[in-house]
Amino acid sequence: PKRGRPRKQSAVPPTIELPFFGSLWVACGWLTDQPRDIGDEEQSIQVDARGVQPKRDFVVRAVGDSMEGGPVPIHDGDLVLCRRVEHARPTDHEGRPVLIVGLDDPDTTVATLKSLVYSRAHWHLRPQNPAYK
């Protein structure tokens, strides 16, 4: 029998189940209302477990092309790992994509994914795609 170094096995990262709001349309374009019962339908999805926490993190699907740009483009149909943040300062997230969910009407949910930018003494939600203002 041949002797030598053992074969190196490829390491498979551990996975964890996270909430996945597969039917929540996260607009990367124009904001659109959707019925609350569709947007709140929670499923689950397996993701790489490194650095995620199921009570804090969740996954949504991006719809539209306004975030197709910047250092990490988000394309139409991409799954986006999000982190629930409470009591954060805007400066903590400046220049980064943020998911904003509005619940103005008890029957609808509005969600958008944009970059948070400070300009001219105001905070703005801006697309990363240079084709959009």
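The values are calculated or read from the model by the stated rules, or taken from the named source; none is laboratory data. Values in this document were obtained by computation on a predicted structure and should not be read as measured data. Cβ: placed from backbone, ideal geometry, glycine included. Neighbour counts: every protein chain shown. These accessible areas exclude ligands, DNA and RNA; they are computed on the full protein's heavy atoms, side chains included. Shrake-Rupley method; radii C 1.70, N 1.55, O 1.52, S 1.80 Å.
Odds and ends about this structure:
- Surface share of carbon and sulfur [accessible, 1.4 angstrom probe, percent] for the stretch 39-83: 51 percent
- Local electrostatic count, Asp76, Cβ distance below 12 Å [Lys/Arg +1, Asp/Glu -1]: -2
- Shape call, the stretch 47-102: gyration tensor on alpha carbons, a/c limit 1.5: oblate
- Among the GluC sites (Glu not before Pro) in the stretch 62-97, those placed in a DSSP loop whose Cβ has at most 12 other Cβ atoms within 10 Å are Glu86.
- Per-residue 3J(HN,Hα) values for the stretch 92-97, derived from phi via the Karplus relation 6.51 cos²θ - 1.76 cosθ + 1.60 with θ = phi - 60°, read 5, 10, 4, x, 10, x Hz in sequence order (x marks Gly and Pro).
- Neighbourhood charge, 12 Å Cβ-Cβ cut-off, centred on His124 and excluding it, Lys, Arg +1 and Asp, Glu -1: +3
- Peptide ranges 48-54, 119-125 listed from the most packed, as the mean C-beta count within 10 angstrom indicates: 48-54, 119-125
- Whether the stretch 66-127 is rounded, prolate or oblate, judged on the alpha carbon gyration tensor where a/c under 1.5 counts as rounded: oblate
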